[in-house]
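Quick notes on the structure that follows.
The values are calculated or read from the model by the stated rules, or taken from the named source; none is laboratory data. Since the structure is predicted, the reported quantities are computational estimates derived from the model, not experimental observations. In this analysis, Cβ positions are derived from the backbone assuming ideal geometry, glycine residues included, and neighbour counts consider all displayed protein chains. Just so you know, the surface numbers come from the protein's heavy atoms only, side chains and all, with ligands and any DNA or RNA stripped out. Shrake-Rupley method; radii C 1.70, N 1.55, O 1.52, S 1.80 Å.
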Amino acid sequence: MAVLQKIRQRSALLLIVIGFSLLAFVVGDFIQGGTFGQQSTNVGNINGKDIAYEDFRVKVGNLEKNGNQGQGMTSIQAANQLWEQEIAIALLTSEFEKLGIRIGEKHIVENLKNDPNIGQNPMFQNELGKFDLNKFKEYFKSNPELATQFEQREKDAELNSKFQIYSTMVKAGMYTTTAEGKFKYEQEANKVAFDYVAVLYSTIKDSDIKITDADYIDYMKKHEKRFKSEGTREIEYVLIEDKPSAKDEEEVKTKINAFLTATDSTSFRTTPAIAEFIAANSDVPYDTIFKSKQDLPADHAEKIFATPTGEIYGPYMNGKLYCISKVTARKSGAKSKASHILISYEGTQVPNKKEKRTKEQAKAKAEQLLAEVLANPSNFFVVALTNSDDSSAQQGGDLGYFAPGQMVKPFNDFVFNNPVGKIGLVETDFGFHIINVTDKQDAISLATLGQKIEPSEITTNTTYTKATDFEMKANEKDFAVVAKEAKLTVNPAIKAKPMDEYFGTVGNQRQIIKWAYANDTNIGDVKRFEVINVGHVIAKLSKINEKGLMSVEEAKPMIENILKNQKKAEKIMAKMKGGSLEAIAKANKTTVQQAADATIDNPVLGAVGAELKVVGTAFGLAPNKTSATIEGAMGVYVVKTKSVTKAPKIAKYTDYVNKLKGPASQAAGRVVGALKTDAKIEDNRVDFF
């Protein structure tokens, strides 16, 4: 009663405290997510154009469901793919506007016609099988609910049409002149002979060269575009696997072995109701499918297949399953292997026909090829490679192994009703097939009783306790020290970009990357993550590499040798002094070497390798003139030109112009990359995904 009286006396104070607490909660939320701390609603900005999250999210959802040829993709994969697409669209649209590129209905229709789902759709074709624009328009008038869905496809067609015009303009501007062809010819045919002294970088030990962080930073600043970094987080981690203990494994093995040795109703050997027995005791479902040797577990296939009907093979391990298998039946010729040559004709649904032909022409050709391979069966591969309209032509017509019913009926009947080596002709809806039955396989039916060896509840609880204990200690003490005390391995740090999702050997663990990039995660923070079917990852954020220039550690593998060679060149140049090549060679304990018939196109100096700078310098010197020191790719050089032989003039440079056309024609494909280099791109996706 005394306690209740005190509560009544202080109820007013209690209400005030609660009121202040609620107010603090609301204000805090207001500051964090409201006006004062509002998170951007855009996933990014490209040259001043905002990319709204809601629109982007819808596109990601659609691509996630329908991407990768219908097999789906993760939201991060979809977001990454769409982000690059958004960048390309934004940059190219800006270029279209600058150039004043405009398109009309005709351009859009032509683009739509190139889509097989539209241009080759019978609903939109006239009686001649040609695309009919009136039918196409009428369809959407009759189905207004589909017209809205089609708007995006129409926008894509408009964008593609503009890009085709833009691409044509770029290609037209990248033509190759006769003068360039002539220069290419001279690069290949002009020759220079010269003497030279070479002191290679390999003559100085790497250990004699010291490179500081300042050297790396200075080099990166001079080549800033090459060393841009979007920023990374370096995350060390310990993996504590939730795996079965020796006791868990022994328990499963004991159960399976008991089914073998039992003499009562629990005996796998004698049970009359094997399907029901497996359903009640196995993690492997009962099936009656016949399996060939290649369908069996690779490590045990030979022995299982050799087991007599009615006998048991095992116990044996198949992945995480501990199994015993009973051979219940055997069938000969259960699978067949065949090769074919398909000769199709107009009207069959076969893409990429090698030539147009009528049904009569196709039959005549098939009969001719049949006679050819019957006369020389060993030539079947080559005949298929050069004549078949099927994609299997690249494998000489080989279709691999298949079971009854997998092929169309006439094809199926020929293969399974004829012996190995039989070659014949059948007709199907695809055309005429010259078939070669190349192999047949027997098969067995197996009743397999298997149980997964998995961690028990006790083992899982023990693993959890170990992981949480490690997390608590690692938040208080040195991460590596705690790992050593627990006899655990600290894995090398993962360098994660903002939109990465794969985390070392653990696989897709976006949750860890997201944590590392959270605003309230600091260097040195440690957190445990539960990974389904794996165990626990205890991660530590060990370093933050901010956006901008790469860190020295990131850049080192790319430029260490360049900087070493630069410093070696300085040392070598200091010694390469003298009035003649002979004096320079003597001072550096080497010899004067000769280069004959070197060209710009092939600037190879004996065993040294390609040295374009050296050969180019030799071409530019007057005869008997000696160069200054040249910092080459493999060492430092001094050259003395003996003679330059000019290539004879030729009437046309067409062949050389054509050599240069290839790279020039690919320029349109490099446009987006070039535009992206100078674009201002803000990427906020990590806040949303």
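Given the Cα-Cα distance of E54 and K210 and 0.36 nm per residue of separation, how much length would full extension add, in nm?
50.9 nm
Just to verify a number: FRET efficiency for A189 and E302, C-beta to C-beta distance, R0 = 51 Å, to 0.05?
0.20
Quick one: what are the phi-derived ³J(HN,Hα) couplings along the stretch 474-481, Karplus 6.51/-1.76/1.60 with θ = phi - 60°, whole Hz, x for glycine and proline?
Going residue by residue, I get 5, 7, 10, 10, 4, 4, 5, 5 Hz, with x marking Gly and Pro.
Going by Cα centres, the stretch 302-338 and the stretch 201-221 are how many Å apart?
One Cα centre to the other: 63 Å.
Whole number please: convex hull volume per residue of the Cα set in the stretch 77-124, in Å³?
Per-residue hull volume (Cα only) is 95 Å³.
Contour minus end-to-end for T645 and I458, with contour as 0.36 nm per residue of separation and end-to-end as the Cα-Cα distance?
58.8 nm
Counting other Cβ atoms within 10 Å, which trypsin sites (Lys or Arg not before Pro) in the stretch 75-125 have at most 14 and lie in a DSSP loop?
R102
Would you calculate the separation in nanometres between label points at A518 and K359, each defined as 7 Å from the Cα along the Cα-to-beta-carbon direction?
The modelled label-to-label distance comes out at 6.9 nm.
How much length would be gained if the chain were fully extended between K575 and S265, taking 0.36 nm per residue of separation minus their Cα-Cα distance, in nm to one decimal?
So the chain would gain 102.2 nm between K575 and S265.
Modelling each spin label as a point 7 Å along the Cα-to-Cβ direction, I'd like the Q349/S229 distance in nm, to one decimal.
Calculated label separation equals 5.4 nm.
Could you tell me whether the stretch 435-580 comes out rounded, prolate or oblate from its Cα gyration tensor? Rule is a ≥ b ≥ c as square roots of the eigenvalues, rounded for a/c under 1.5, then prolate if a/b exceeds b/c, otherwise oblate.
Taking the square roots of the gyration eigenvalues as a ≥ b ≥ c, the stretch 435-580 is oblate.
Hand me the trypsin sites (Lys or Arg not before Pro) from the stretch 512-554 located in a DSSP loop with no more than 16 other Cβ atoms within 10 Å, in residue order please.
K547
When a/c is below 1.5 the answer is rounded, else prolate if a/b is larger than b/c, else oblate, so apply that to the stretch 610-687 with a ≥ b ≥ c taken from the square roots of the Cα gyration tensor eigenvalues.
oblate
May I have the convex hull volume per residue, in Å³, for the Cα set of the stretch 396-466?
Enclosed volume per residue, from the Cα hull, is 199 Å³.
Just to be sure I understand the model, the point goes 7 Å from the Cα along the line to the Cβ. What's the resulting N658 to A273 distance in nm?
8.0
Between L200 and V552, how high is the FRET efficiency from 1/(1 + (r/R0)^6) when r is the Cβ-Cβ distance and R₀ = 41 Å? Nearest 0.05.
0.90
Using a 10 Å cut-off on Cβ atoms, rank the peptides 402-414, 427-439 from the highest mean neighbour count down.
In descending order of packing, they fall as 427-439, 402-414.
How big is the dipole moment of the chain about its Cα centre under a simple scheme where the beta carbon of each Lys and Arg is +1, that of each Asp and Glu is -1, and everything else is neutral? Debye, nearest 20, please.
2040
Using the Cα centre of the stretch 508-569 as origin and beta-carbon charges of +1 (Lys, Arg) and -1 (Asp, Glu), tell me which of I512, I538, V552 is placed farthest towards the positive end of the dipole.
Going by the Cα projections, it comes out as V552.
Mind listing the Cα extents of the chain along all three principal axes, in Å, largest one first?
104, 104, 70
Apply 1/(1 + (r/R0)^6) to the Cβ-Cβ distance of T178 and L612, taking R0 = 30 Å, and write down the FRET efficiency to the nearest 0.05.
Here the calculated transfer efficiency is 0.75.
Please compare each pair in K363/K440; K514/K540; K225/K680; K353/K440; K255/K326; K49/K680 to a cut-off of 19 Å on the Cα-Cα distance and tell me which ones are over it.
Distance filter (> 19 Å) returns K363/K440; K353/K440.
Sort R330, R510 by accessible area with a 1.4 Å probe, largest first.
From most exposed to least exposed: R330, R510.
Tell me whether the stretch 277-426 comes out rounded, prolate or oblate; compute the Cα gyration tensor, take square roots of the eigenvalues as a ≥ b ≥ c, and use a/c under 1.5 as the rounded threshold.
In terms of gyration-tensor shape, prolate.
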